[in-house]
Amino acid sequence: MRDFKELKVWVKAHHLTLAVYQATSTFPTTELYGLTSQIRRSCASIPANIAEGCGRSGDAELCRFLQIAMGSASELEYHLLLARDLNFIKVSQYESLFENVVEVKRMLASFIKKLRADS
């Protein structure tokens with residue numbers, strides 16, 4: 001069992017989630033149960049799955065939850081693009097969030113690769 005709070009990828013994903021919550025706070029109220037909810041859910045799912053994987057037994061299960069986190073990151077990537085195209089967020093804000101999502105995905109991919117190599 002690992003302490004998820006010590007993982008750099010979890011810290012990065014947590015900060016991304018905080019930034020996404022702040023960015024979506026200005027979305028139209030009509031989107032509260034639509035895009036706002038979807039973006040927040042997919043983003044929060046990233047650090048949540050990392051944490052859950054750390055609470056499981058063995059690297060194989062951790063790897064599975066990291067892959068789920070990767071899927072959520074890809075979902076978030078699309079939702080942010082949609083929000084940008086709907087003019088819910090500024091291009092500069094989108095670019096910053098997008099860069100952070102890409103970095104989290106790179107970190108997840110490296111972690112998954114390392115876990116697979118060690119087993």
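Of the helices (runs of 4 or more DSSP H) that lie entirely inside segment 34-119, those containing 3 or more residues that are at pLDDT 95 or above and either of a type in the set (Val, Ile, Thr) or on the phi > 0 side of the Ramachandran plot (or both) span 35-54, 91-118.
Would you point out which residue out of Cys63, Cys43 is in contact with a helix residue (DSSP H, G or I) (Cβ under 8 Å, 6 or more places away or on another chain), under 15 Å from Phe111 (Cβ atoms) and surrounded by 14 or more Cβ atoms within 10 Å (Cβ to Cβ)? Full working, then the answer.
Working: Cys43 fails: under 15 Å from Phe111 (Cβ atoms).
One residue alone meets the criteria, Cys63.
Is it true that some residue in segment 21-31 is in contact (Cβ under 8 Å) with a residue 40 or more places away in the chain, part of a loop (DSSP other than H, G, I, E, B) and small (Gly, Ala, Ser)? Looking through segment 21-31, none of the residues is in contact (Cβ under 8 Å) with a residue 40 or more places away in the chain, part of a loop (DSSP other than H, G, I, E, B) and small (Gly, Ala, Ser). Reported count of residues in segment 1-22, each being under 22 Å from Glu61 (Cβ atoms) and hydroxyl-bearing (Ser, Thr, Tyr), is 0. Screening segment 76-95 for residues that are under 28 Å from Phe65 (Cβ atoms) and in contact (Cβ under 8 Å) with a residue 40 or more places away in the chain and picking the one that is nearest to the chain's Cα centre (by Cα) gives Leu76.
Residue count for segment 33-75 under the criterion of being farther than 21 Å from Val102 by Cβ and within 10 Å of the chain's Cα centre (by Cα): the result is 0.
The values are calculated or read from the model by the stated rules, or taken from the named source; none is laboratory data. This is a predicted model, so every value here is computed, not measured. Methodologically, a virtual Cβ is constructed for each residue, glycine included, from the backbone with ideal geometry; neighbour enumeration extends over all protein chains shown.
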